[in-house]
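The values are calculated or read from the model by the stated rules, or taken from the named source; none is laboratory data. On a predicted model such as this, the values are computed, not experimentally measured, just so you know. Cβ placement follows ideal geometry from the backbone for every residue including glycine, while neighbour counts extend to all protein chains displayed. Note: areas computed on protein heavy atoms with side chains; ligands, DNA, RNA excluded. Shrake-Rupley method; radii C 1.70, N 1.55, O 1.52, S 1.80 Å.
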Amino acid sequence: MHGLSGRPPNPNVAALASALLERLPQFADEVTERICQQVEAYGHDQPVPRDDLCRSCRQNLEFGFRSIADVTHHDLSAPRRTGRLRAEQGTPLAMVLSAYRTGFAYMWDCVVTEAERSGLVSATELVRIASDVWTLSEMFTTEMATSYRDAMTEQILRQDQERSALVEALVSGSVADTATVWEAADLLALPYRGLFVVVAAEPPTLARHALPNIESRLRDRGIGSAWRLLPDLHVGIVSLRTPNTLQPMVEMVRPVVTTRVGVSPVYDGLEKTAQAMHLARIAMASIAPGDPQLCVFDDAPVPVLIASAPTTSYRVMNNVLGPLLSTPVDERDTLLETLDAYFTAGSIVEAAKRLFCHRNTVRHRLSRIEQLTGRSVDDALGAVELYIAVQTMLRLPKLPA
């Protein structure tokens with residue numbers, strides 16, 4: 001192997017490299033100073049301390065000078081280490097790349113100055129060295145940037161895992177003491193005291209996001225949130241700036257809803273998240289299975305009441321509907337559909353339009369319901385009982401065995 005350019009080793013270039021290596025400490029100090037002056041993230045009180053930068057510069061210059069001497073092995077471990085370290089230090093990649101450009105420009109200045117002073121290489125050889133230096137620069141920056149991005153990806157995955165674990169701890173109630181809740185709030189970038197809601201969304205399939213990219217969508221509108229994907233639930237804690245933020249948040253979420261989604265009442269402290277999670281689940285369960293809708297707990301009192309006490313709701317339904325449930329399936333379904341249409345429409349005329357039938361047909365069916373149940377939609381108490389019963393039929397997944 002003949003080095004960067006594939007040419008055999010040149011003793012004159014090797015002598016030039018040797019002369020440069022003798023002054024390596026001086027060059028490292030000088031390029032460190034230049035980078036500190038020209039690149040914002042380096043130096044005193046910056047993410048990259050001066051000593052750290054100087055050490056990195058010395059390693060990179062040594063590698064560069066040895067490489068132009070046409071060594072047979074190009075060890076790129078230095079830029080890989082630098083890339084990972086700068087990612088861990090939180091230095092923006094653009095600034096790291098700027099430092100590299102400054103460093104390689106300085107390195108080339110050193111090569112040219114020494115070549116002119118010593119006369120060891122000809123102008124033609126210097127042109128060839130220039131090609132090698134810029135090839136080396138590309139190799140260095142590519143390796144550094146790749147290592148940087150790999151490290152950043154690992155950090156993001158680790159942070160996402162940590163955030164998800166904290167969200168799960170809050171919604172499950174396993175975070176109890178105030179100090180731990182404060183720490184969780186800090187790590188989630190959420191206020192400890194403020195206004196929050198829990199959003200519980202039914203995954204389309206097992207362990208799939210129900211609301212993809214929802215955190216970034218909300219963040220773009222200035223709404224902070226933290227999310228966790230559980231096997232049977234996609235759950236988020238959303239921070240509201242004011243009580244008036246709830247409706248805009250709901251309107252942002254609603255267009256991307258493809259499954260059942262429940263939103264808890266607003267609460268004022270992260271230590272109450274577990275209770276809010278319970279209410280968000282109830283709001284979600286209050287939606288008929290298979291119906292892709294969003295339900296805010298406080299906006300649907302009867303459905304959430306049914307979902308919060310399914311066993312009792314089933315018993316009430318059986319007591320209210322009674323013999324109606326024993327009629328042939330076709331008649332039962334027609335009567336229940338008519339009852340639901342009547343309550344939704346608010347009148348016999350509008351219900352008939354929804355059902356594409358004559359209003360007298362609706363009247364006949366309502367009379368049949370009264371005959372079977374002993375309850376009339378014209379009676380206030382009877383209407384309430386029938387409404388609760390039909391909502392139970394619609395919203396709970398199946399009759400108990």
Across (1) in a strand (DSSP E or B); (2) among the charged types (D, E, K, R); (3) buried (at least 17 other Cβ atoms within 10 Å of the Cβ), GLU271 clears everything bar (1)
If I filter the stretch 84-114 down to residues being under 25 Å from the mean Cα position of the chain (by Cα) and among the charged types (D, E, K, R), which single residue comes out as farthest from ALA69 (Cα to Cα)?
GLU88
Out of the stretch 146-165, which residues are of a type in the set (A, V, I, L, M) and at pLDDT 85 or above?
ALA151, MET152
So if I check each of ARG365, ARG354, which one is part of a helix (DSSP H, G or I), open to solvent by 80 Å² or more (accessible area, probe 1.4 Å), in contact with a helix residue (DSSP H, G or I) (Cβ under 6 Å, 6 or more places away or on another chain) and over 30 Å from PRO243 (Cβ atoms)?
ARG354
Verdict on PRO243 being of a type outside the set (Phe, Trp, Tyr), modelled with pLDDT under 90 and open to solvent by 40 Å² or more (accessible area, probe 1.4 Å):
yes
Does any residue in the stretch 352-367 that is closer than 16 Å to LEU386 by Cβ come within less than 9 Å, Cβ to Cβ, of a residue that is loosely packed, with under 13 Cβ neighbours inside 10 Å six or more places away or on a different chain, and which pairs are these?
VAL362/VAL349; LEU366/ASP378
Every pair of residues 6+ apart whose Cβ atoms lie under 8 Å, when the first sits in the stretch 235-264 and is under 15 Å from PRO292 (Cβ atoms) while the second is assigned to a loop (DSSP other than H, G, I, E, B) and of a type in the set (Ser, Thr, Tyr)
GLY262/SER286
